[in-house]
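Since the structure comes first, as structure tokens, the remarks are kept for the end.
Here, each number is a calculation from the coordinates, and none is a lab measurement. All values reported here derive from a predicted model rather than from experimental measurement. Positions of Cβ are generated from backbone atoms using ideal geometry, with glycine treated the same way; all protein chains shown enter the neighbour counts.
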């Protein structure tokens, strides 16, 4: 591993066997697929896209390499906006976390969430304390109107959802975005998550998840049968559920609803900032 690779992996929080594999990817010249993915990433940087990048003909491994090669450009873009290096690093470190999650889910090096990481690489998603915030044009009608900008809220898996941590994260977001994006006022935050399924708050009313969900007005719900299983157990699909642990109250609630013939949903909610 070269010194420049070590510096990059420190920025992206890539460690252990994932660092070894990433070093191999960077040891040669980029393929046509990697170059195509890099072109896509460069075209999206600073454009405030709402969704994942299109495939660009690259496979999963080529996308990993493209993300690695492009990360310093995003770090530089953040710096050009005056964004502190620690916030940029906290944002980009999600790549290392996603590689570790992929290894847990699939037992191998890879990144089946490469599309999610293309949002970070567009320069409009930031980790601020406990939560991630994605600045995009307003997507839905809310009590604050139907124009302007919104902050999409995302919940990394690596920490508690205690009310104090969530309060601090929202407070940081309220200061951060007007400072660095003053021409894009975002009066509303939105969240689309299985954690906002009202069923969860009813069955775990005293939990941190329920406290988080109560912050939002749920506008609607849509079926998402596998999300609760994936984010609770990091298992894709609904096979072999009887083999999953039921050690915590959350694990039991997730599985017992499915046992009873129910379907988990995404709650689509908003709150005024």
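General observations
- The label-point distance for residue 226 and residue 50, in a model that sets each label 7 Å from Cα toward Cβ, rounds to 2.5 nm.
- Difference of contour (0.36 nm per residue) and Cα-Cα distance, residue 167 to residue 241: 23.2 nm
- Across 206, 55, 261, mean-square fluctuation computed from a Gaussian network of the chain (C-alpha pairs under 10 Å connected) peaks at 261.
- Dividing the summed -39500 (n - 2.57) terms of all DSSP H runs of n ≥ 4 by the residue count of the chain sets its mean residue ellipticity at 222 nm at -14500 deg cm²/dmol.
- Computed over the chain, relative contact order equals 16 percent, with contacts defined as Cα pairs under 8 Å that lie 6+ residues apart.
- Label sites at residue 208 and residue 35, each approximated as a point 7 angstrom past Cα along Cα to Cβ, lie 4.7 nm apart.
- Sites residue 217 and residue 2 - FRET efficiency at Förster radius 41 Å, r taken between beta-carbons, to 0.05: 0.20
- Separation of alpha-carbon centers, region 222-268 and region 82-110, rounded to whole Å: 24
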